[in-house]
1. Among the residues of the stretch 192-224, which ones are more than 22 Å from Thr73 (Cβ to Cβ) and under 18 Å from the mean Cα position of the chain (by Cα)?
2. If Pro162 satisfies all but one of (1) open to solvent by less than 60 Å² (accessible area, probe 1.4 Å); (2) under 18 Å from Gly196 (Cβ atoms), what's the number of the condition it fails?
3. Limited to the stretch 291-305, what total is found for residues that are closer than 18 Å to Arg44 by Cα and touching a Gly at 6+ places or on another chain (Cβ under 7 Å)?
4. Considering only the stretch 85-128, give the strands (runs of 3 or more DSSP E) lying wholly within it that have at least 2 residues that are in contact (Cβ under 8 Å) with a residue 40 or more places away in the chain and within 30 Å of Lys205 (Cβ to Cβ).
5. Between a first residue in the stretch 175-198 that is at negative phi and without any contact (Cβ under 8 Å) to a residue 12 or more places away in the chain and a second residue that is hydrophobic (A, V, I, L, M, F, W, C) and surrounded by fewer than 24 Cβ atoms within 10 Å (Cβ to Cβ), which pairs have beta carbons less than 8 Å apart while being 6 or more apart in sequence or on different chains?
6. If I filter the stretch 108-125 for residues that are open to solvent by 60 Å² or more (accessible area, probe 1.4 Å) and among the hydroxyl-bearing types (Ser, Thr, Tyr), do I get at least one hit?
7. All but one of (1) over 30 Å from Tyr134 (Cβ atoms); (2) surrounded by 19 or more Cβ atoms within 10 Å (Cβ to Cβ); (3) of a type in the set (A, V, I, L, M, F, W, C) hold for Val218; state the number of the condition that does not hold.
8. Please go through (1) farther than 23 Å from Gly279 by Cβ; (2) among the aromatic types (Phe, Trp, Tyr); (3) assigned to a strand (DSSP E or B) for Tyr221 and return the number of the only condition it doesn't satisfy.
Amino acid sequence: MTTRRIQRLCAALALGATMLAPSAQAARPSAVPLAGTTIVTARRTASMAVRLPRPVDFHVHDLSVSSPRGRVTAVALKRVGSWNAPYVTATHVGFCGEPGCATEFPTFSFDHVWAPGSPDGLSGRLPAGDYRLYVVTDGAPVTFTFRLRGLSGTKRLTPASPARASVVTATPTAAEPALSPVAFAGGSHRSVGPAGGLNHTSVWKEVPTVAQPSAVGVCEYSGRPPASAFTPYQLPCADGRGGIPPAVSNTKPGGDATTPVGPGRYLNGISSGWLLPPGEWGLGGYNNTPGPVTAAYVHQFWLDF
């Protein structure tokens, strides 16, 4: 797979991060102009047509999440146009196990901006024009707030048009031992629609000790994973593609049992996202630790534009 087909930024966690690449859409009628402070609340996964009345210099710090619940929730502001049109996205990973669950870090999100001239995925100039706003929920309402520099006023939006999306707990393709898997991997595949779409994958564990060297990485396939691979999302990703070098990851390096996660509870893993062109894709990852494991999950969402 080449970067012409898919772009990705990934980082091993303490809480690792990522994101990336876009789709072809048609302009929708009745686009709502965005305001300087635009507050977006959704009770269920939905979308709506919006308009940016003038170019805006945007930084990921201009987008925040509040009151999230669930395994994964997300927002995407995507310009109408080609699959590589500018966009902003934020994904909140709950680090909890069920739809609607209470999240561990309620103000944290993995954010990304792409626009012409964007130097690092953290900032860029969003051009004026028609956009589509998407919100992905997981069993509970969520609110995202955009601060759009140079625009005035405050506006509250509630997307109500359908959006094709799913939040999944992927079935592990490697879980050894089964109850507290030191070796752990999983993922899923999907046919992304003709306008492209978005995926975010988080492979994470709760562990009882502060710092454990962990081999973590992601595996990506254009098409379904190889049928011959028993563990296609485990190192080295069946055919050697997509792996990230082993990394040390824990919530607070050098921390103790009084971290925000709780006494004797620490998190490690990797979180990675893609904005995808049309076609079939297989995405997942692995998280292998040498010590004891309390719980392990692969949480993903898929969104079609």
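1. Val216, Gly217, Cys219, Glu220, Tyr221
2. Of (1) open to solvent by less than 60 Å² (accessible area, probe 1.4 Å); (2) under 18 Å from Gly196 (Cβ atoms), only one is false for Pro162: (1).
3. 4
4. It comes to 87-93, 110-114.
5. Taking only residues 6 or more apart or on different chains, the pairs are Glu176/Val182; Glu176/Ala183.
6. No: zero hits.
7. (1)
8. If we test Tyr221 against (1) farther than 23 Å from Gly279 by Cβ; (2) among the aromatic types (Phe, Trp, Tyr); (3) assigned to a strand (DSSP E or B), just (1) comes out false.
The values are calculated or read from the model by the stated rules, or taken from the named source; none is laboratory data. A quick note: this is a predicted structure, and the numbers were derived from the prediction, not measured. Note that we place each Cβ from the backbone using ideal geometry, even for glycine, and neighbour counts take in every protein chain shown. Ligands, DNA and RNA are excluded from the accessible area calculation, which covers all protein heavy atoms including side chains. Shrake-Rupley method; radii C 1.70, N 1.55, O 1.52, S 1.80 Å.
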